[in-house]
Amino acid sequence: MVTNVLSQEEVKELLHPVKDPFLHRTLEETDGVKEITIKEEKKHVSVKIGIGKTNTGEQMQLQQEIVGILKKNGATTVGLRFEQLPDETIEKFQPAAEAEQEKTLMGGGKQPNFIAVASGKGGVGKSTVTVNLAMSLMRLGKKVGIIDADIYGFSVPDMMGIEERPAVRAEKIIPVERFGVQVISMGFFVEDNSPIIWRGPMLGKMLNSFFKEVEWGDLDYLLLDLPPGTGDIAMDVHELLPTCKELIVSTPHPTAAFVAARAGQMALKTDHEILGVVENMAYFESKKTGEKEYVFGKGGGKKLAEVLQTQVLGQLPLQQPYEEEDEFAPSVYQQDHPIGKEYHKIASKIVAKIEE
Ligand SMILES: Nc1ncnc2c1ncn2[C@@H]1O[C@H](COP(=O)(O)OP(=O)(O)OP(=O)(O)O)[C@@H](O)[C@H]1O
Ligand SMILES: [Mg+2]
């Protein structure tokens, strides 16, 4: 038990090595110890601490840590206040902190470019776009992985015609490789496609496991196929992957685009960069006459891109992949298929945007 009363200098020294839970830097580096007052007779120490983000669970933990340190070193009572650090300080440390967080999530390996494929509405083609964008990136020579983050409505394995299950090596799950693309899906872990009923927190944990417990190796791109809407998973993605970029899929119907805008607004709110809009099921082209019919309306993608201040990266018509006897992959468009070529253009634009 220390009986001396702490001095200002000693308090500073004690608190300087403590880490800001958001910026992952010491309070010394962030200049986070803002005020120290000491009432000698009562051995009361009061401090004001600046951190990256206030009023969070992390702040509560930090509070306990600091009170513990000061009491162990002679304070009888501790008064603690938090404030947010100045914007300049946060801006200075945040990018590095975010990268560090993601690196830890990926097991310290190479940091891929994360792209989440989102839409406000179900059934517009997110999974189809994810799978085919992954294929095109792979054809461009990139190392690509897919996380099927649609935990309830997983569809990537079926779309790619995957029948294998992942192997486990040294307590890590090895993604299934299909056409050179690494895939992880909840569908690999349930029997007979039985539906899964989980609640919110479980979902977040699952997503976490898809990073932490999977041996991704070195990837250039990791694509996340999100469930429809702006629900829990989308929030978790925003939290887990601060550098994740978003690709928004919409149908050409103006109302559908309006709904998709909500997903986009959310991306904007969380500072996720929007790569662009893909308009799917944009038109139907008659094989006989070559005439385009805008069966689902027109202009939705453009309107959406305007709202989100981004661009339309491509328009995909309604058409199925060629049927192939030897390789069953019902949603994968071949390289020489007209839609396969469209995906190639979209992938090239994305690579140019990200790797410029
Ligand atoms: N351009 C297209 N031409 C023809 N069919 C398409 C096209 N795009 C998607 N589809 C089909 O539409 C259906 C819905 O597509 P998909 O599953 O990719 O949508 P989603 O947005 O992922 O749906 P969910 O919200 O349920 O996850 C699928 O059967 C898919 O094969
Ligand atoms: Mg889907």
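Results for (1) within 10 Å of ligand 1 (Cβ to nearest atom); (2) basic (Lys, Arg); (3) closer than 16 Å to LYS245 by Cα; (4) surrounded by fewer than 24 Cβ atoms within 10 Å (Cβ to Cβ), shown as yes or no for each residue.
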{"residue": "GLN111", "(1), (2), (3), (4)": "no, no, yes, yes"}
{"residue": "ALA116", "(1), (2), (3), (4)": "no, no, yes, no"}
{"residue": "LYS126", "(1), (2), (3), (4)": "yes, yes, yes, no"}
{"residue": "MET135", "(1), (2), (3), (4)": "no, no, no, no"}
{"residue": "ARG139", "(1), (2), (3), (4)": "no, yes, no, yes"}
{"residue": "VAL144", "(1), (2), (3), (4)": "no, no, yes, no"}
{"residue": "ASP150", "(1), (2), (3), (4)": "yes, no, no, yes"}
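Yes or no: LYS121 open to solvent by 50 Å² or more (accessible area, probe 1.4 Å), away from ligand 1 (no atom under 16 Å from the Cβ), in contact (Cβ under 8 Å) with a residue 24 or more places away in the chain and in a loop (DSSP other than H, G, I, E, B)? Spelling it out, it is not the case that LYS121 is open to solvent by 50 Å² or more (accessible area, probe 1.4 Å), away from ligand 1 (no atom under 16 Å from the Cβ), in contact (Cβ under 8 Å) with a residue 24 or more places away in the chain and in a loop (DSSP other than H, G, I, E, B).
How many residues are in a loop (DSSP other than H, G, I, E, B), touching a residue at least 24 places away in the same chain (Cβ under 8 Å) and not charged (D, E, K, R) when one looks only at segment 267-286?
So the answer is 5.
Among the residues here, THR89 does not qualify as surrounded by fewer than 13 Cβ atoms within 10 Å (Cβ to Cβ) and either outside the structural domain of GLY145 (by TED's automatic domain parsing) or outside any loop (DSSP other than H, G, I, E, B) (or both). Screening GLN309, GLN335 for residues that are more than 11 Å from ligand 1 (Cβ to nearest atom), assigned by TED's automatic domain parsing to the domain that holds PHE258, open to solvent by 90 Å² or more (accessible area, probe 1.4 Å) and within 21 Å of GLN265 (Cα to Cα) leaves exactly one candidate, GLN309.
With respect to GLU83, is the statement that it is in contact with a Gly (Cβ under 7 Å, 6 or more places away or on another chain), open to solvent by 50 Å² or more (accessible area, probe 1.4 Å), away from ligand 2 (no atom under 16 Å from the Cβ) and charged (D, E, K, R) true?
yes
Taking residues in segment 287-298 that are at positive phi and in the same structural domain as GLY123 (by TED's automatic domain parsing), and partners anywhere that are of a type outside the set (Gly, Ala, Ser) and open to solvent by less than 90 Å² (accessible area, probe 1.4 Å), the pairs with Cβ atoms closer than 8 Å and at least 6 places apart or on different chains are GLY297/THR251; GLY297/PRO252; GLY297/HIS253; GLY297/PRO254.
The values are calculated or read from the model by the stated rules, or taken from the named source; none is laboratory data. If you're wondering where the values come from, they're calculated on a predicted model, not measured in any experiment. Glycine gets a Cβ as well: all are built from the backbone with ideal geometry, and neighbour counts include every protein chain shown. Side chains included, ligands, DNA and RNA excluded: accessible areas come from the protein's heavy atoms. Shrake-Rupley method; radii C 1.70, N 1.55, O 1.52, S 1.80 Å.
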